[in-house]
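One structure is given here, and the rest of the page talks about it.
Throughout, read-outs are computed from the coordinates displayed, never taken from laboratory work. Because the structure is predicted, anything quoted here is derived from the model rather than measured. Reconstructed Cβ throughout: ideal geometry from the backbone, glycine too, with neighbour counts over all protein chains shown.
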Amino acid sequence: MSVRARIDHLVTSGTFALDGGTWDVDNNVWIVGDDEEAVVIDAAHDADAILAALGGRTLRAIVCTHAHNDHIDAAPALADATGAPVLLHPDDLPLWKQTHPDRLPDGDLTDGQRLPVAGAALEVIHTPGHAPGAVCLYAPSLGTVFTGDTLFAGGPGATGRSFSDFPTIIDSLRERVLTLPPDTVVRTGHGDTTTIGAEAPALGEWVARGH
């Protein structure tokens, strides 16, 4: 099957809330698909904007890289509007329930699972640390990985709040992410795109120092 998928991108704005604090944030929403079908990665803040970007395509799934509220707050509304299932790694259910106590995800993400769309496949890589159920989504045929808040341009995701752990995120990056080809494009949950090769040297130094 030929790869027909392309990657569309929009930025939505809202708030991130955890541990009693609230911060204004801009989130990257990624849409992978062709003119007929698509998958949304991280339905953040604005279901109507995401629906507009889909443009009538069949939505196959709403995939959550993790369950911090700013990545999932629009997921139920988008699911209701499209009939698409919301997929989340079960280790993040405690976080999910903080935002959506009366609505569970529709299905589980599991390490090694492959999500097909438009001739491409998104491979689920469990990368705990920023959150227990954090995942990255690797699309080898598109030369890209969607890292949520596990890896940014400039370093790993934050680990200073509940449900997070810095040694764990470093282990995830060393064992699961930095092993990808250096030219793999890293599409993040916030901010700019980067590559595995651009991030590997600094991450390697943190691994070597053990912090």
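Taking segment 85-105 as the range and being crowded, with 21+ Cβ neighbours inside 10 Å and of a type in the set (D, E, K, R) as the test, only 92 passes. Among the criteria (1) surrounded by 15 or more Cβ atoms within 10 Å (Cβ to Cβ); (2) at negative phi; (3) not small (Gly, Ala, Ser), the one residue 201 does not fulfil is (1).
Quick grid of which residues meet (1) among the polar types (S, T, N, Q); (2) touching a Leu at 6+ places or on another chain (Cβ under 8 Å):
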| position | (1), (2) |
| --- | --- |
| 51 | no, yes |
| 63 | no, yes |
| 74 | no, no |
| 82 | yes, yes |
| 101 | no, no |
| 104 | no, yes |
| 110 | yes, no |
| 117 | no, no |
| 145 | no, yes |
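Count of segment 4-21 residues, restricted to those that are over 17 Å from residue 162 (Cβ atoms) and surrounded by 14 or more Cβ atoms within 10 Å (Cβ to Cβ), is 9. The set of residues in segment 22-44 being surrounded by fewer than 22 Cβ atoms within 10 Å (Cβ to Cβ) and free of Cβ contacts under 8 Å to residues at least 60 places away in the same chain consists of 22, 23, 24, 31, 35. Quick one: in segment 147-192, of everything that is among the acidic types (Asp, Glu) and in a loop (DSSP other than H, G, I, E, B), which residue is nearest to the chain's Cα centre (by Cα)? Filtering first and then ranking leaves 149. When 66, 71 are checked against the criterion of being in a loop (DSSP other than H, G, I, E, B), touching a residue at least 60 places away in the same chain (Cβ under 8 Å), under 21 Å from residue 176 (Cβ atoms) and not hydrophobic (A, V, I, L, M, F, W, C), a single residue qualifies: 66. If you go through segment 124-166 and keep only what is farther than 16 Å from residue 87 by Cβ, out of contact with any strand residue (DSSP E or B) (no Cβ under 7 Å at 6 or more places or on another chain), surrounded by 21 or more Cβ atoms within 10 Å (Cβ to Cβ) and aliphatic (A, V, I, L, M), you end up with nothing. Of all the listed residues (144, 195), the sole one being in contact (Cβ under 8 Å) with a residue 60 or more places away in the chain, more than 18 Å from residue 43 (Cα to Cα) and not aliphatic (A, V, I, L, M) is 144. As a summary of the residue check, residue 53 satisfies the conditions (1) surrounded by 22 or more Cβ atoms within 10 Å (Cβ to Cβ); (2) under 26 Å from residue 143 (Cα atoms) except for the one numbered (1). Within segment 106-115, is even one residue surrounded by fewer than 21 Cβ atoms within 10 Å (Cβ to Cβ), in a loop (DSSP other than H, G, I, E, B) and of a type in the set (D, E, K, R)? Yes, segment 106-115 has at least one match.
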